[in-house]
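Visitor: Have a look at this one before I ask anything.
The values are calculated or read from the model by the stated rules, or taken from the named source; none is laboratory data. Everything numeric here is computed off the predicted structure, so don't read it as measured data. Note that we place each Cβ from the backbone using ideal geometry, even for glycine, and neighbour counts take in every protein chain shown. With ligands, DNA and RNA removed, areas are computed over all heavy atoms of the protein, side chains included. Shrake-Rupley method; radii C 1.70, N 1.55, O 1.52, S 1.80 Å.
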Amino acid sequence: MIELKNISKTYHIGEVAVPALRGVSLKISPGEFVAIMGPSGSGKSTLLHILGLLDRPDNGSYHLIGKDVSTLSQEELATFRNEFIGFVFQLFNLLPRLKARENVSLPLVYTSDLKSRKFSSPEDLLRTVGLGDRINHNPNELSGGEQQRVAIARALIKNPKIILADEPTGNLDSSSAQELLKILKSLNDSGITIVMVTHEKELTRGAKRIIKLLDGKIVSDEYLTGKPHTISEERGEARAPERGEGGVPPDLKIHRFDFFRLKNYFSQAMGSLLSNKYRSFLSILGILIGVAAVIAMLALGTGAREDIKKRLASLGSNLLSVRPPRHRVGGIHLEPGSITRLTIEDAEEIKKIPYVRRVNSTVSGRGQVVYGNKNWNTRIRGVTPEYAFIRASQAAEGRFFNDVEMITRSKVALLGKTVVRELFEDENAIGEYVKINRINFRVIGILPEKGATGWRDRDDEIILPLNTAMYRLLGKKYIDYIDVEVEDEKEMEKVQEEVRKLIIQRHNIPSDREDTIEVRNMAEIQEAISSTARTFAWLLGSIAFISLLVGGIGIMNIMLVSVTERTREIGLRKAIGANNKDILSQFIIEAIVICLVGGILGILFGAAISGGLSKFAGWSTKVSLGAVLLAFLFSGGIGLFFGLLPARKASLLNPIDALRYE
């Protein structure tokens with residue numbers, strides 16, 4: 001079963017070389033009970049660690065169950081430890097957060113195809129070692145002897161061929177030591193090979209063979225029961241072959257990643273996080289704040305962008321605005337239209353330009369509007385019926401006026417929401433009469449809500465037919481500006497230039513003043529505003545993402561501390577069969593779980609903040625699905641990225657160095 005040839009092992013402490021084993025050769029047959037003795041520093045523990053595949057020799061060969069272990073990968077060594085070897089440590093190495101039955105079942109976490117294989121239940125094994133009434137107790141609720149019996153039950157859970165016991169009675173009283181020895185002897189009688197390291201001679205009475213070490217060499221190898229033989233030989237059975245195809249034992253199946261193991265990793269990770277609730281909470285809090293900031297800032301930016309988009313839509317699309325030129329007299333700017341004035345005829349001529357869809361003429365002023373005992377000073381705007389389509393201002397209630405009403409100078413009006421609220425409150429304004437500058441007007445419609453832009457309330461206005469406003473109310477002969485809607489956005493520049501040439505020609509504007517004509521491309525203005533809003537949204541999001549990155553750095557820091565604190569646990573897990581990928585996966589899952597939980601809570605908290613900003617501050621906010629998915633996935637990515645370094649550090653720990661860590 002075990003064959004060592006010329007095994008040597010030297011440890012280096014700084015520049016000093018300390019030989020632990022020197023040319024050790026040894027054979028152990030199946031069913032033996034071997035006690036390895038020697039003074040402190042003789043190399044007996046080092047020999048046991050090499051036998052248990054926790055450490056590698058510097059020189060020599062080691063065959064276990066017919067396989068040269070020097071050729072095995074880390075995954076294969078872990079599988080050998082999990083399938084064939086059970087460990088009993090002097091310090092018990094029980095995980096304090098797990099109950100007795102959970103500690104016993106720990107090696108099953110790293111076993112593949114568990115459902116297709118039969119093992120004794122943890123409860124049955126605990127009853128076998130006399131702990132049937134302590135199954136659900138934590139290690140701190142057990143005596144030293146009881147903890148060691150739990151460790152023995154853990155070593156037996158996979159039906160090992162070999163049990164390696166390193167000073168198993170070192171921390172026990174004499175009574176508990178004798179009980180433990182009886183258990184080991186009964187296990188050996190059942191056919192399990194026992195290799196025990198001890199320095200107490202009275203504990204070797206149950207052994208069949210005693211090997212003594214001194215200064216790293218075997219100085220004595222004594223058989224107490226004659227020639228070694230196997231249990232199968234006692235029963236007259238043929239000896240089973242120890243090699244399978246390719247030199248691998250026939251019942252060895254290298255453990256591979258599968259869903260069941262992933263489930264076990266998740267369960268172990270959650271147990272670890274729940275056992276350190278305060279630290280886990282602080283880790284989650286860092287991600288929660290970062291994700292909440294991302295959600296709130298993106299919601300604020302998206303809401304602002306949507307609000308701007310909505311308001312820009314109310315200005316119309318593919319729109320040109322023609323305004324009269326400004327002039328200077330003695331270096332002083334005169335108001336627009338003070339010399340060259342736009343007329344209704346100009347608007348009619350503009351309609352004839354190719355690609356022009358609609359044209360609207362506008363005059364504006366202010367007026368005092370009265371209803372009953374209430375009055376309000378507001379902006380008056382005279383427009384054509386095309387205004388409703390060009391400026392997206394179809395009546396929200398009632399109707400818009402028509403061409404006949406404009407030509408006949410009908411005294412009809414459409415009121416903005418603010419005017420309705422100030423004059424009518426909860427009353428229905430449609431069909432009522434209001435006085436505007438002492439002239440009666442019948443309300444035929446309510447304008448859609450436009451909102452405020454800076455200091456200007458765009459709902460605080462009244463719309464009248466153009467001719468009515470010009471000749472009945474404001475006394476104007478000229479129009480203030482002309483809106484031109486173009487059929488195709490691609491033709492905007494061409495139409496803009498044609499309109500400019502038309503105004504120059506109709507008003508005989510000299511060449512040195514042609515640049516003063518204002519034909520504004522509203523699409524360019526809208527795009528500039530939208531671009532600014534997008535930049536603002538990304539700026540807010542970037543600031544929030546920085547806070548999320550800071551939370552990720554906190555995760556990495558805490559995980560590194562966790563790896564240091566749990567070094568012995570990592571060593572134990574590797575001793576019972578965990579390979580590097582198992583440890584790596586578990587620690588990465590811990591980091592990802594922290595970040596995803598923090599991400600989910602952060603999304604909820606960020607949505608609540610967004611709702612609060614909207615309700616109490618009056619800001620426009622919108623939590624989009626894209627922002628939620630982005631924050632959730634990014635938080636998971638933070639966990640993966642910042643958890644990778646601590647997880648890799650944990651996975652690369654040498655099992656024997658980890659077990660010795662203080």
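Visitor: Give region 374-395 a look and list any residue that's open to solvent by less than 60 Å² (accessible area, probe 1.4 Å) and part of a loop (DSSP other than H, G, I, E, B), or say none.
Guide: Thr384, Pro385, Glu386, Arg391, Ala392, Ser393, Ala395
Visitor: Among all residue pairs at least 6 apart or on different chains, which show Cβ distances below 7 Å where the first residue, located in region 590-604, is farther than 16 Å from Ala544 by Cβ and the second is of a type in the set (Gly, Ala, Ser) and open to solvent by 10 Å² or more (accessible area, probe 1.4 Å)?
Guide: Final answer for the pair search is Ile592/Gly636; Ile594/Ser280; Leu596/Gly636.
Visitor: Does Ile509 count as in a loop (DSSP other than H, G, I, E, B) and modelled with pLDDT under 85?
Guide: So Ile509 fits the description; yes.
Visitor: Which residue, of Gly41, Gly60, is at pLDDT 85 or above and either within 18 Å of Lys161 (Cα to Cα) or not aliphatic (A, V, I, L, M) (or both)?
Guide: Result of the check over Gly41, Gly60: Gly60.
Visitor: Just to be sure I understand, how many residues within region 160-208 are over 26 Å from Ile656 (Cα atoms) and in contact with a Pro (Cβ under 9 Å, 6 or more places away or on another chain)?
Guide: Final tally of qualifying residues: 2.
Visitor: How many of the residues making up region 512-551 are out of contact with any helix residue (DSSP H, G or I) (no Cβ under 7 Å at 6 or more places or on another chain), open to solvent by 70 Å² or more (accessible area, probe 1.4 Å) and either more than 30 Å from Gly643 (Cβ to Cβ) or modelled with pLDDT under 70 (or both)?
Guide: Final tally of qualifying residues: 9.
Visitor: Return yes when Glu141 is modelled with pLDDT under 85 and of a type in the set (Asp, Glu) and no when it is not.
Guide: No; evaluated as a whole, the condition is false for this residue.
Visitor: Here is a follow-up. Of Ser61, Ser45, Ser8, which residue is over 15 Å from Ile576 (Cβ atoms) and assigned to a helix (DSSP H, G or I)?
Guide: Residue meeting the stated conditions: Ser45.
Visitor: Let me ask something additional. Go through (1) buried (at least 18 other Cβ atoms within 10 Å of the Cβ); (2) closer than 18 Å to Trp376 by Cβ; (3) touching a residue at least 60 places away in the same chain (Cβ under 8 Å) for Glu432 and report which single condition fails.
Guide: Failed condition: (1).
Visitor: Collect the residues in region 1-28 that are under 48 Å from the mean Cα position of the chain (by Cα) and of a type in the set (Ser, Thr, Tyr), keeping them in residue-number order.
Guide: Thr10, Tyr11
Visitor: Which residue, of Leu288, Leu273, is at pLDDT 80 or above and in contact with a Lys or Arg (Cβ under 9 Å, 6 or more places away or on another chain)?
Guide: Leu273
Visitor: Now, a different point. Taking region 474-495 on its own, how many of its residues are open to solvent by less than 30 Å² (accessible area, probe 1.4 Å) and either part of a loop (DSSP other than H, G, I, E, B) or not hydroxyl-bearing (Ser, Thr, Tyr) (or both)?
Guide: Number of matching residues: 8.
Visitor: Taking region 24-42 on its own, how many of its residues are within 18 Å of Lys217 (Cβ to Cβ), open to solvent by less than 40 Å² (accessible area, probe 1.4 Å) and in a strand (DSSP E or B)?
Guide: Counting residues in region 24-42 that are within 18 Å of Lys217 (Cβ to Cβ), open to solvent by less than 40 Å² (accessible area, probe 1.4 Å) and in a strand (DSSP E or B) gives 7.
Visitor: Please enumerate the residues belonging to region 547-585 that are within 24 Å of Leu156 (Cβ to Cβ) and part of a helix (DSSP H, G or I).
Guide: Arg568, Glu569, Ile570, Gly571, Leu572, Arg573, Lys574, Ala575, Asp582, Ile583
Visitor: So which strands (runs of 3 or more DSSP E) are wholly in region 429-473 and hold at least 2 residues that are closer than 22 Å to Asp403 by Cβ?
Guide: 439-446, 461-465
Visitor: Also: Consider region 561-579. How many of its residues are basic (Lys, Arg) and within 17 Å of Gly643 (Cβ to Cβ)?
Guide: Number satisfying all stated conditions: 1.
Visitor: Another question about this same structure. Just the residues that are farther than 18 Å from Pro96 by Cα and charged (D, E, K, R), please, taken from region 124-157.
Guide: Once the filter is applied, which keeps residues that are farther than 18 Å from Pro96 by Cα and charged (D, E, K, R), region 124-157 yields Asp124, Arg127, Asp133.
Visitor: Would you say Val24 is under 30 Å from Asp173 (Cβ atoms) and at pLDDT 85 or above?
Guide: So Val24 fails the test.
Visitor: Continuing with this model, one more query. Might you let me know whether region 163-182 holds any residue that is out of contact with any helix residue (DSSP H, G or I) (no Cβ under 9 Å at 6 or more places or on another chain), at pLDDT 85 or above and within 26 Å of Ser42 (Cα to Cα)?
Guide: no
Visitor: For region 605-662, name all the residues that are free of Cβ contacts under 8 Å to residues at least 12 places away in the same chain and either surrounded by 16 or more Cβ atoms within 10 Å (Cβ to Cβ) or aliphatic (A, V, I, L, M) (or both).
Guide: Ala608, Ala617, Leu625, Leu629, Leu633
One line per residue, one yes/no per condition, for (1) in contact (Cβ under 8 Å) with a residue 60 or more places away in the chain; (2) aromatic (Phe, Trp, Tyr); (3) open to solvent by 10 Å² or more (accessible area, probe 1.4 Å):
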site: Leu126; (1), (2), (3): no, no, no
site: His137; (1), (2), (3): no, no, yes
site: Ala151; (1), (2), (3): yes, no, no
site: Lys161; (1), (2), (3): yes, no, yes
site: Glu179; (1), (2), (3): no, no, yes
site: Asn188; (1), (2), (3): yes, no, no
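Visitor: Count, please, the residues in region 265-282 that happen to be assigned to a helix (DSSP H, G or I), over 18 Å from the mean Cα position of the chain (by Cα) and not charged (D, E, K, R).
Guide: Adding up the residues that qualify gives 8.
Visitor: In region 291-322, what residues are polar (S, T, N, Q) and modelled with pLDDT of 75 or more?
Guide: Thr302, Asn318, Ser321
Visitor: Looking only at region 568-604, filter to residues that are surrounded by 23 or more Cβ atoms within 10 Å (Cβ to Cβ) and of a type in the set (Lys, Arg); which one of those is nearest to Tyr278 (Cα to Cα)?
Guide: Arg573
Visitor: Here's something else I'd like to know. Is it the case that some residue within region 69-81 is open to solvent by 40 Å² or more (accessible area, probe 1.4 Å), free of Cβ contacts under 8 Å to residues at least 40 places away in the same chain, within 16 Å of Val219 (Cα to Cα) and out of contact with any Pro (no Cβ under 8 Å at 6 or more places or on another chain)?
Guide: No, because not a single residue in region 69-81 is open to solvent by 40 Å² or more (accessible area, probe 1.4 Å), free of Cβ contacts under 8 Å to residues at least 40 places away in the same chain, within 16 Å of Val219 (Cα to Cα) and out of contact with any Pro (no Cβ under 8 Å at 6 or more places or on another chain).
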